[in-house]
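To start, the structure itself, in structure tokens.
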Amino acid sequence: MSKLAISAALVVAVSAASAQNAAAGELKPYRVGFNAWIGSIAFFVAQEKGFFKDEGLDVQTKSFSAPGDGLTPLIAGNLDAHLTTADSVITVLDKAPGQLKVVYLTDTSAGADAILARKDIADIKGMKGKKVAATLGQCNQLLLEKALEKAGLSDKDIDLVNMNPDDAGAAFAAGKVDVAVTWEPWITKIAGEKKGHVIFSSKETPNLILDVLAISTKTVKTKSAETKAFLKALNRGYEFVQKSPDAAAAIAAKALEQKPDEVKAMLPKVNLYSGKKNLEVLAGPAAKASAQVAQFFKDKKVNDTLVDVGSIYDASYLK
């Protein structure tokens, strides 16, 4: 190759690299926290398929072990948005009123949170006198109370042990507790291994356990356009899940550290929300269900105040 040709090739290569760098530089950073949850499958898909980049965003992710763990960094300005739960938002707003908004519902648990019992415990009434693991002061304790009420029992009728959902699932699998209030993937794992069965689940309490995208007042002031772009890409992720569930399960399996078939088994246990469904549910059913959670937190002295859930939900980013 002649020196002239080599020079021309170098110019083309440098120009291409410069164009790529310029394109990358045009992407606006948007920092998002999340935890490994089946309901966030549209988010995992949108990230993997480049939907956020298509909307001009450089989505920078940070994983947290529990859904509420990213809310303090969000309020501090270290995140722009966080995939969390409505009950976690309500808990934080007790001490930081007005600091958070829920702008999207990713899903509601419809069996992905459940009460697992030993085989000899046939139903809810069979929990009486048994060792039950649940997370005190959080939404899965409310799920437990809903179940107990249905059977005419209260938490005084059981030996209640405070454990987070993952620890409760692990303790149940190890035979250390009789009953566990837990979530996926423990439900699918334990049922698959025939170590226990579901006696009550979130399928019986619509919208009680909501998974949401929360933003802070700082995000509201500085990144409204980016938030709208994020939700547009997230909706594309939702549409992909609906059209190609097998491919979506394979993508989510990596984020959830599960096998694709296990992810597919979890999917029916969450009701995923589209943008259109969000407009229907955000201000109505979601707020009504969250009012129960807010009252529960006040009654159990988890919160000092009765959080005004009517001011939390904001559908304007979807319009």
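Only the coordinates and a few stated rules stand behind these numbers; no lab work does. In this text, all values refer to a predicted model and were calculated from it rather than measured experimentally. Cβ sites come from the backbone with ideal geometry, for glycine too, and all protein chains shown count toward neighbours.
Overview of values
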read-out	value
Amide proton proximity set for Val270, modelled H, under 5 Å, gap of 5+	Ala110
Environment charge of Ile215, counting only residues whose C-beta is closer than 13 Å and scoring Lys/Arg +1, Asp/Glu -1	+3
C-alpha center-to-center spacing [the stretch 209-281, the stretch 112-154] in angstrom	29 Å
J(HN,Hα) series, the stretch 90-103, from Karplus relation 6.51 cos²θ - 1.76 cosθ + 1.60, nearest Hz, glycine and proline x	4, 4, 5, 5, 4, 9, 10, x, x, 8, 10, 10, 9, 10
Most to least packed among 122-134, 154-166 [average Cβ atoms within 10 Å]	122-134, 154-166
Under 15 Å, Cβ to Cβ, from Leu116 - net charge with Lys/Arg +1 and Asp/Glu -1	+1
Mean residue ellipticity (222 nm) of the chain, computed from DSSP H runs ≥ 4 via -39,500 (n - 2.57), nearest 500	-14000 deg cm²/dmol
Given charges at Cβ of Lys, Arg, Asp, Glu: the stretch 114-175 dipole, positive-most of Ile121, Leu160, Phe172	Ile121
Under 20 Å from the Cα of Lys156 - aspartates and glutamates, other chains or at least 8 residues apart	Asp123, Glu145, Asp178, Asp299
The stretch 113-204: radius of gyration and largest Cα-Cα distance (Dmax), Å	11.3, 31
Size of the chain as Cα extents on the principal axes (Å, biggest first)	87, 43, 30
Only Lys, Arg (+1) and Asp, Glu (-1) charged, at Cβ; the stretch 31-135 dipole about Cα centre in debye	580 debye
